[in-house]
Amino acid sequence: MLAINQPAVTIKNVEVAIADRAWSEGFAPPRPPDRLSGRTVAVIGSGPTGLAAAQQLTRAGHTVAVYEKDDRIGGLMRYGIPEFKMEKHHLERRVEQMRAEGTKFRTSTAVGRDVGAAELRSRYDAVVLAVGATAWRDLPLPGRELAGVQQAMEYLPLANRVCQGDLAVSPMSAAGKHVVIVGGGDTGADCLGTAVREGAASVTQLDIYAQPGAERDEDADPWPTYPKIYRLSAAHEEARDLESAPAADADARLFAASTLHFSGDADGHVRALHLVEVNAERRPQPGSGRTLPADLVLLALGFSGPDREDGLIDQLGLALDPRGTIARDADFATNVPGVYAAGDAARGQSLIVWAIAEGRAVAAAVDRRLTGSTQLPAPIGPYDRPMTV
Ligand SMILES: Cc1cc2nc3c(=O)[nH]c(=O)nc-3n(C[C@H](O)[C@H](O)[C@H](O)COP(=O)(O)OP(=O)(O)OC[C@H]3O[C@@H](n4cnc5c(N)ncnc54)[C@H](O)[C@@H]3O)c2cc1C
């Protein structure tokens, strides 16, 4: 049962079916507070962290405004995660419920740029920073400047905008192109699924690590730790069906592959990616160099911390921890009085389930500070980690 001696059952589908039924039967009505506390909270960022925090604080009776620099609510759930993985109507119904409960939303408002961070701090009794960690890592190799070498998070939001009806066709569409994705993680897999749907001629995903085994290694990853095993996501299965994956294995992935440089045509557009196979110490294997055709290269190399372009972090004088994320104490409080930090912005890029738990926990901390006590649940502390070795 449940990944002890067999693969896990479809827990997600079971939970989704229960939740969808609850909404359709009217078991998730808006729950506005009975009375208002007279205290105000600004939540900056409308990803899962900000939404979870704002909903709890609104229900506790505080007057809450969510500031979001994008034109729509949702953070990475809106413009990062593709529609095929998370349909946006789930998001819409939650935002509708929150509006009915009294949460205010201010979209297209970048705190630090459109409204001063210090001003916001003086206007509200507490400020929750839920700004995510979207400063992307780059790959400064020869040819990086060529047109068509793009960041995953430049590419995915455009595809999401097509699904939202903002654009008829993505200006970075993979249609008819040879696509190479650099980075073996989930963001790369989302690029792969999107490129396949856009009609790419071929898609290859490069992973610098060696291909993991098919079975859980009980010594390295004993249950219930997250096992490092070879998995075939739905996106990889779809890519396998493309006729002309030029060099990849059956599921479009190339493991132990390290990019050396990109080369382009006379117009300055990328046309090829040059790579070499590496061993476990990342040393090149002699004679293993190869060239992949590449009209679109997507860099999916992870994120280093919160984006600093809006000036929010500097305006508030926030202390960062050594990883570049916002430092906070055991009560989610930053070094700036009345300012709290939660979610990816403080934890580093993580998962929605952690973001929601962080949002609920920071709401409890803020409620306690504003009222002296709290009934809100705090599912996690700022230093809790998933069970991994
Ligand atoms: C491509 C991709 C796919 C992913 N897929 C999954 C998945 O399948 N499952 C999963 O569990 N997790 C997934 N994740 C991770 C998950 O999306 C994040 O962990 C989660 O969204 C973090 O939530 P957050 O609210 O902390 O930050 P975010 O979702 O990043 O939200 C932060 C928000 O703050 C806003 N903001 C930033 N600065 C300002 C400012 N100065 N003023 C106003 N607003 C501001 C941003 O515009 C953004 O809307 C994925 C991540 C990526 C990049």
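Rule-based calculations on the coordinates, nothing more; no lab input. Computed from a predicted model, the values in this text were never measured in an experiment. Positions of Cβ are generated from backbone atoms using ideal geometry, with glycine treated the same way; all protein chains shown enter the neighbour counts.
Remarks
- Only beta bridges with both residues in the chain are counted; by DSSP, about 35 percent of them are antiparallel.
- A helix-only calculation puts the chain at -8500 deg cm²/dmol for mean residue ellipticity at 222 nm, using -39500 (n - 2.57) for each DSSP H run of at least four residues, averaged over all residues.
- Crossing angle, helix 152-164 versus the chain [Cα axis fit, 0-90 degrees, rounded to tens]: 70
- Length-normalised contact order of the chain in % [C-alpha pairs under 8 Å, at least 6 apart]: 19
- Ranked Ile11, Ile356, Ile380, Ile326, criterion: other C-beta atoms within 10 Å, fewest first: Ile11, Ile380, Ile356, Ile326
- Gained length - Leu141 relative to Arg93, 0.36 nm times residue gap less alpha-carbon distance: 12.9 nm
- Kirkwood-based Rg to Rh ratio, the chain, C-alpha trace: 0.99
- Helix 186-198 vs. the chain, principal-axis angle (Cα, 0 to 90°, nearest 10): 70
- Here the residues Ser258, Ser202, ranked from fewest to most Cβ neighbours within 10 Å of their Cβ, fall in the order Ser258, Ser202.
- Between Asp114 and Ala280, the simple spin-label model (points 7 angstrom out along Cα→Cβ) gives 5.1 nm.
- Distance from the alpha carbon centroid of segment 311-356 to that of segment 182-236 works out to 29 angstrom.
- q = 0.19 Å⁻¹: log10 I(q)/I(0) that the Debye formula gives for segment 257-389, counting C-alpha atoms only: -1.04
- Nearest-ten-degree value, helix 48-59 long axis tilted from longest Cα axis of the chain: 10
- When each of the peptides 317-325, 95-103 is scored by how many other beta carbons lie within 10 Å of its residues on average, the order from highest to lowest is 95-103, 317-325.
- The tail of the calculated P(r) for segment 138-301, taken as Cα-Cα distances beyond 22 Å, holds 43 percent of the pairs.
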